[in-house]
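This report concerns only the one structure given below.
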Amino acid sequence: MLAPGRQRLVFPGLVALLIGSALVAVAVGAVWISPWTSVRLFAWRLHLAGRPAGVPASTDVILFQLRLPRVLLAAVVGAGLAAAGAVFQALFRNPMADPAIIGVSSGAALGAIVVILAGGGAALGGMGVSAAAFLGALATAFLVYRLARLGPSVQVATLLLSGIAVAAIISAVISLAMTFSGQQIRLIYFWLLGGLGARGWQSLAAAAPFVLAGTVVAMGTARDLNLTALGEERAAQLGLEVERFKTLMLATGALLTAAAVSVAGLIGFVGLMTPHILRLVVGADHRRLIPASILGGAAFMILADLAARTVVSPEEIPVGAVTAVLGGPFFLYLLRRERKAASVRA
């Protein structure tokens, strides 16, 4: 953890990283749009200045109809997954908890896929997919928690095994659904691979309110999340209604995961890497860790999506593959470190 004096620089640095990442992601593509041009167009759209001279109308379309909504959606998805990871890691008192690793993302995807195949995407005023994703994520979170709990705590091994087992069952159900999906099989592949291509303002409007609500709850309960680090018995002695709080946090993590998965599909390891790395910088106090994870997750996802659409340009690779390439080795490193720590304690 950094010294207190340097910690004051972390949040301004994360904000600068997020803004810089967004400007670069908006600029890079088949057509280059300079950051200065983007700033001038933003000012024009906000009625702060006149339309920039010499900027073609096609640039306006590319910026506001293609790149900007995608960049903002990447930020929302990254913030939601990182916040969910921080919540689950605090709740399980386990630094290896992640929405994808413990199967919550798979549960959300299954819920969304079932509704898509049933033709219920337009239900609930167009929020049928998001609602089903939330229910799938919530049910999976509760199931994994119940399976992994041994006495008063959740052990690393049982959490991972429970998550892997539940995710395997969900994958089998998804494979079965694909067998009977017919023309909708491409939609299912979207959920499995994860991506932000061909998503617009509508997807952003669908996900942002839920991510905002989840992050507000997570930040508002940061002090109580700190208490859970002391153990359930000690937290209860300090006045925390433990069971009620766990239910709230499971629902919050499920909501954040479902909001991200409902628009971007399965994207793993963001909720594992971001809180873990930032915990080394800002410490374990969730009053600092959760806001830092939100900013860091948003910037990380913007950069990952930028890599996904530019590394093999003009082709595009799924952003879930990019995060897996980065997160897989990181997960193995954490697993090895936990194994060494367990052997030392033994």
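Here are the numbers for the structure shown:
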item	result
Selected residue (criterion: surrounded by the fewest Cβ atoms within 10 Å (Cβ to Cβ)) from residues of the stretch 83-100 that are in a loop (DSSP other than H, G, I, E, B) and touching a Leu at 6+ places or on another chain (Cβ under 8 Å)	PRO95
Scope the stretch 178-219; condition more than 30 Å from VAL71 (Cβ to Cβ), in contact with a helix residue (DSSP H, G or I) (Cβ under 6 Å, 6 or more places away or on another chain) and assigned to a helix (DSSP H, G or I); matching residues	MET178
Test: residue in the stretch 169-182 that is modelled with pLDDT of 85 or more, of a type outside the set (Asp, Glu), closer than 30 Å to GLU233 by Cβ and buried (at least 19 other Cβ atoms within 10 Å of the Cβ)	no
Any chance ARG51 is surrounded by fewer than 18 Cβ atoms within 10 Å (Cβ to Cβ) and touching an Asp or Glu at 6+ places or on another chain (Cβ under 9 Å)	yes
Near pairs, Cβ below 8 angstrom, 6+ apart or cross-chain, from the stretch 90-118 (of a type in the set (Asp, Glu)) to any residue that is part of a loop (DSSP other than H, G, I, E, B)	ASP98/GLY268; ASP98/PHE269
Restricting the stretch 2-48 to residues that are modelled with pLDDT under 85 and surrounded by 13 or more Cβ atoms within 10 Å (Cβ to Cβ), the residue that is nearest to ARG279 (Cα to Cα)	LEU2
Test: residue in the stretch 121-134 that is in a loop (DSSP other than H, G, I, E, B) and not aliphatic (A, V, I, L, M)	yes
Residue within the stretch 220-231 that is within 14 Å of GLY265 (Cβ to Cβ), assigned to a loop (DSSP other than H, G, I, E, B) and at pLDDT below 85 present	no
Candidate set: the stretch 239-272, residues that are in a loop (DSSP other than H, G, I, E, B) and of a type outside the set (Val, Ile, Thr); chosen: the one farthest from ILE170 (Cα to Cα)	GLY239
Enumerated helices (runs of 4 or more DSSP H) restricted to the stretch 1-82, each holding at least 2 residues that are under 22 Å from GLU316 (Cα atoms) and not acidic (Asp, Glu)	10-27, 57-61
Checklist (1) crowded, with 16+ Cβ neighbours inside 10 Å; (2) free of Cβ contacts under 8 Å to residues at least 60 places away in the same chain; (3) of a type in the set (Ser, Thr, Tyr) applied to THR215, failing item	(2)
Complete set of residues in the stretch 311-328 that are of a type in the set (Ser, Thr, Tyr) and either under 17 Å from LEU266 (Cβ atoms) or modelled with pLDDT of 90 or more (or both)	THR323
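So that you can scan it fast, the table gives a plain yes or no per residue for (1) within 24 Å of ILE317 (Cα to Cα); (2) surrounded by 15 or more Cβ atoms within 10 Å (Cβ to Cβ):
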| residue | (1), (2) |
| --- | --- |
| ARG199 | yes, yes |
| ALA222 | no, yes |
| GLU232 | no, yes |
| GLU243 | no, no |
| THR252 | no, yes |
| ARG279 | no, yes |
| GLY283 | no, yes |
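So that you can scan it fast, the table gives a plain yes or no per residue for (1) over 19 Å from ALA284 (Cα atoms); (2) modelled with pLDDT under 80; (3) of a type outside the set (A, V, I, L, M, F, W, C); (4) in contact with a strand residue (DSSP E or B) (Cβ under 9 Å, 6 or more places away or on another chain):
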{"position": "PRO69", "(1), (2), (3), (4)": "yes, no, yes, no"}
{"position": "SER105", "(1), (2), (3), (4)": "yes, no, yes, no"}
{"position": "ILE113", "(1), (2), (3), (4)": "yes, no, no, no"}
{"position": "GLY136", "(1), (2), (3), (4)": "yes, no, yes, no"}
{"position": "PHE142", "(1), (2), (3), (4)": "yes, no, no, no"}
{"position": "LEU150", "(1), (2), (3), (4)": "yes, yes, no, no"}
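The values are calculated or read from the model by the stated rules, or taken from the named source; none is laboratory data. In this text, all values refer to a predicted model and were calculated from it rather than measured experimentally. Cβ: placed from backbone, ideal geometry, glycine included. Neighbour counts: every protein chain shown.
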